[in-house]
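One structure is given below, encoded as structure tokens.
The values are calculated or read from the model by the stated rules, or taken from the named source; none is laboratory data. Note that the structure is a prediction, hence the values are computed from the model and not measured. Backbone-built Cβ (ideal geometry, glycine too); neighbour counts: all protein chains shown.
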Amino acid sequence: MTDPAFLRELAADPSHSFALIARDGADSVELLTGDIVDVELLADIPLTGNDGRPQEVLALVPFRQVRERGFAAHDDGAPLRCLIVDDRTTFAAADLIASLPSEQVPLGDAGFDITDDEYADVVRTVIRDEIGRGEGANFVIRRDYTASVSADPRVAALTWFRALLEHERGAYWTFAIVTPDHIAVGASPEAHVTAHRDGDSDARVVTMNPISGTFRHPSGGPTVETLSEFLENTKETEELFMVVDEELKMMSAVCSDGGRITGPHLKEMSRLTHTEYVLRGTSRLDPRDILRETMFAPTVTGSPMQNACAVINRHETKPRGYYSGVAALFTPRGDGGHDLDAPILIRTAYIENGMLRVPAGATLVRHSDPYGEVGETHGKAAGVLGAIGAIPRAFTNVAGVDEDAPVAGPTKLADVPEIAELLASRNARLATFWLDEQSSETTPPFAGQSALVIDVEDRFTTMLAHQLRHLGLDVSIVHWSEATNEQVDAAEIVVSGPGPGDPLDDENPRIGRLREIVARRLDACSPLIAVCLSHQVLARRLGIGIQPLASPHQGLQLTVDIFGEPAAIGFYNTFTAHVMPGVSHLTPSESRCGEIGDVDIAASASGDVYALRGRGFASVQGHLESILSRDGIRTLERLVAHATGSVGA
């Protein structure tokens, strides 16, 4: 520990850049100092110095960096800013607090950049035009609370950092990152991704920490009763399940073992409580590649990721800057590699050009209430502003605890048996495949066979591929636009994957190519599995009508009959294949593809088609790979067995 008295001198020099970081549960604060380098790409983050030795780097990654994945983003020119750490000092938190300024930082012209009514209109539009037309399950749309700051911004940063240390609790990182023209001060509850060496192995343990569902503490503090009501709320529960699915897609892309989940847990902060899971897997990728493949958290963007970025681009009129990006700390290891610790840049105040900006977003789902989501943005912005002392601190801590007392005290509500039981009960709905260790059978059922999986722009494909590998298949994934006819024809099994969009949109080249792939496999009577959007395309090929659902099934678990066996399956669809009630098969004369013989249909009482099967093919509307598909792996095995003509089909 070192005397922090010189910190004010450091802050007084506008040419110096530094970062203060207090990590989850620590009673110390790290001070990182060094020079600033702005780079263009994540691959350019300089993890090696001019002397060839590994160096520590703290990178501020803006949202616009998502364009590296080919996704849409407003470009505000926010730099990918790297602090090349040349010195690291550690202080006792109590000593540092005593040395930091505490004077009130006055704000002027404060308020949201768009009105409550305007934001509510945006919510309605996204539900109607995006979720309602099959573009995705959920989307995060943000607005900004802004104010002028007349004080020295570097002094303001130290003042607010002190306030966070004193009054916030439960944050993953509490931080102040100060560079000449960009300052960020915040208390992020959420680690987006970490990657740390696993013992003597060259693999890294990768973790992700999806947090979703926000309980704003009532006046007088949270109680078992009020928290229980929140935990039993369907919207809040499904919201968390959807973001876990989305982050498992990312884990399956970077981790050879696909990842597994633990939780749920409570993230209890001073003014807000969230629900969370922890995802873990192992990877041998460069940490910069891990970061690129996981840009950015669905908790602050939506799902599926590519479409979420397009929706944000359409409905947010201003660029995001660093909001929903990450602060990525690359720390050298003894073997020359680097570990990664990257919290999400949320619950953060930004100062630039004399203006304070506090972005706040709400997760919009099919049953969002527009003014409820307005309230969500108010609560999140107030949480940040209250924590830094920019507005009066409402009494929102655990009942009976003085809000100005040091944050070490109250008993966690998560430890209350009723709350612990409510949390644990959520997992009864989920797929044990992702909750338990994924030990393979001695001889998996399809060992020695291979599958070509068609990526239709939804990374559920990576989870599906992981399940297929678990069943013994040798799997390769190819993007729909790069899948050649020769590949499609030569594959032992083709698995045409899920994706967003309207299956009736014949002008869409993605839909057109799916129709071609499905037709080639049917015409050749070659094994085909079709999932979600591809299932709908297959149904059209068979002459079955497609129609929108009265209410989208985005993140909905249903127990349905799949050819004589009940299965709990997760659905993410806005459109459905539909037959007359009671119809359970098509004869060759009723099908446009009569040469394939009879087609079996699994449908609801009202005629919504859940699954199809015939000679050489099987399809399913639901996502068997979702955590919501408790019976997903069993159902997938049955469908593959049928399509391939295996024993037990």
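Take the residues in the stretch 131-154 that are in contact with a helix residue (DSSP H, G or I) (Cβ under 6 Å, 6 or more places away or on another chain) and of a type in the set (Lys, Arg); name whichever of them is farthest from ALA11 (Cα to Cα).
Looking at the filtered set, the residue picked out is ARG143.
Name the residues in the stretch 542-591 that are of a type in the set (Gly, Ala, Ser), part of a loop (DSSP other than H, G, I, E, B) and surrounded by 13 or more Cβ atoms within 10 Å (Cβ to Cβ), would you?
Step one: of the stretch 542-591, the residues of a type in the set (Gly, Ala, Ser) are 543, 545, 550-551, 555, 564, 567-568, 570, 577, 582, 584, 589, 591.
Right, trim to part of a loop (DSSP other than H, G, I, E, B) and you get 543, 564, 582, 584, 591.
Within the stretch 542-591, GLY543, SER591 meet the criteria.
Could you go through the stretch 122-140 and let me know if any residue there is closer than 29 Å to ALA59 by Cβ and without any contact (Cβ under 8 Å) to a residue 12 or more places away in the chain.
So far as the stretch 122-140 goes, no, none of its residues is closer than 29 Å to ALA59 by Cβ and without any contact (Cβ under 8 Å) to a residue 12 or more places away in the chain.
When you look at ILE419, is it assigned by TED's automatic domain parsing to the domain that holds ARG69, over 20 Å from the mean Cα position of the chain (by Cα) and among the β-branched types (Val, Ile, Thr), yes or no? I'd like the intermediate steps shown before the answer.
Numbers: assigned by TED's automatic domain parsing to the domain that holds ARG69: yes; over 20 Å from the mean Cα position of the chain (by Cα): yes; among the β-branched types (Val, Ile, Thr): yes.
Yes, satisfied.
Given the condition under 21 Å from TYR172 (Cα atoms), of a type in the set (Gly, Ala, Ser) and in contact (Cβ under 8 Å) with a residue 12 or more places away in the chain, answer yes or no: does some residue in the stretch 69-79 qualify?
Checked against the condition, which is being under 21 Å from TYR172 (Cα atoms), of a type in the set (Gly, Ala, Ser) and in contact (Cβ under 8 Å) with a residue 12 or more places away in the chain, the stretch 69-79 yields no hits at all.
What strands (runs of 3 or more DSSP E) completely inside the stretch 260-369 contain at least 3 residues that are within 28 Å of MET463 (Cβ to Cβ), modelled with pLDDT under 95 and hydroxyl-bearing (Ser, Thr, Tyr)?
Those strands (runs of 3 or more DSSP E) span 272-283.
With the condition kept exactly as written, say whether any residue in the stretch 20-38 is closer than 30 Å to HIS315 by Cα and outside any loop (DSSP other than H, G, I, E, B).
Checking the stretch 20-38: at least one residue is closer than 30 Å to HIS315 by Cα and outside any loop (DSSP other than H, G, I, E, B).
Given the structure, is ILE312 among the hydrophobic types (A, V, I, L, M, F, W, C), over 15 Å from TYR145 (Cα atoms), in contact with a strand residue (DSSP E or B) (Cβ under 6 Å, 6 or more places away or on another chain) and in contact (Cβ under 8 Å) with a residue 12 or more places away in the chain?
no
For the stretch 476-507, which residues satisfy the criterion of being surrounded by fewer than 21 Cβ atoms within 10 Å (Cβ to Cβ) and either in contact with a helix residue (DSSP H, G or I) (Cβ under 9 Å, 6 or more places away or on another chain) or assigned to a strand (DSSP E or B) (or both)? Working first, answer last.
Step one: of the stretch 476-507, the residues surrounded by fewer than 21 Cβ atoms within 10 Å (Cβ to Cβ) are 476-479, 481-482, 484-487, 489-490, 492, 502, 504-507.
Correct list: SER476, ILE477, VAL478, HIS479, SER481, ASN485, ASP489, GLU492, ASP502, LEU504, ASP505, ASP506.
Considering each residue of the stretch 68-78, count those that are over 8 Å from PRO319 (Cβ atoms), surrounded by 14 or more Cβ atoms within 10 Å (Cβ to Cβ) and over 17 Å from the mean Cα position of the chain (by Cα), and give that number.
1
Does any residue of the stretch 525-541 turn out to be free of Cβ contacts under 8 Å to residues at least 40 places away in the same chain, assigned by TED's automatic domain parsing to the domain that holds VAL488 and not in a helix (DSSP H, G or I)?
No, every residue in the stretch 525-541 fails to be free of Cβ contacts under 8 Å to residues at least 40 places away in the same chain, assigned by TED's automatic domain parsing to the domain that holds VAL488 and not in a helix (DSSP H, G or I).
Let me spell it out: the conditions are (1) in contact with a Phe, Trp or Tyr (Cβ under 9 Å, 6 or more places away or on another chain); (2) free of Cβ contacts under 8 Å to residues at least 12 places away in the same chain, and LEU32 meets all of them except one. Which number is the exception?
Exception for LEU32: condition (2).
Among VAL105, VAL29, VAL85, which is the only one that is touching an Asp or Glu at 6+ places or on another chain (Cβ under 7 Å), buried (at least 21 other Cβ atoms within 10 Å of the Cβ) and either over 17 Å from ILE290 (Cα atoms) or not assigned by TED's automatic domain parsing to the domain that holds GLU352 (or both)?
Matching residue, one of VAL105, VAL29, VAL85: VAL85.
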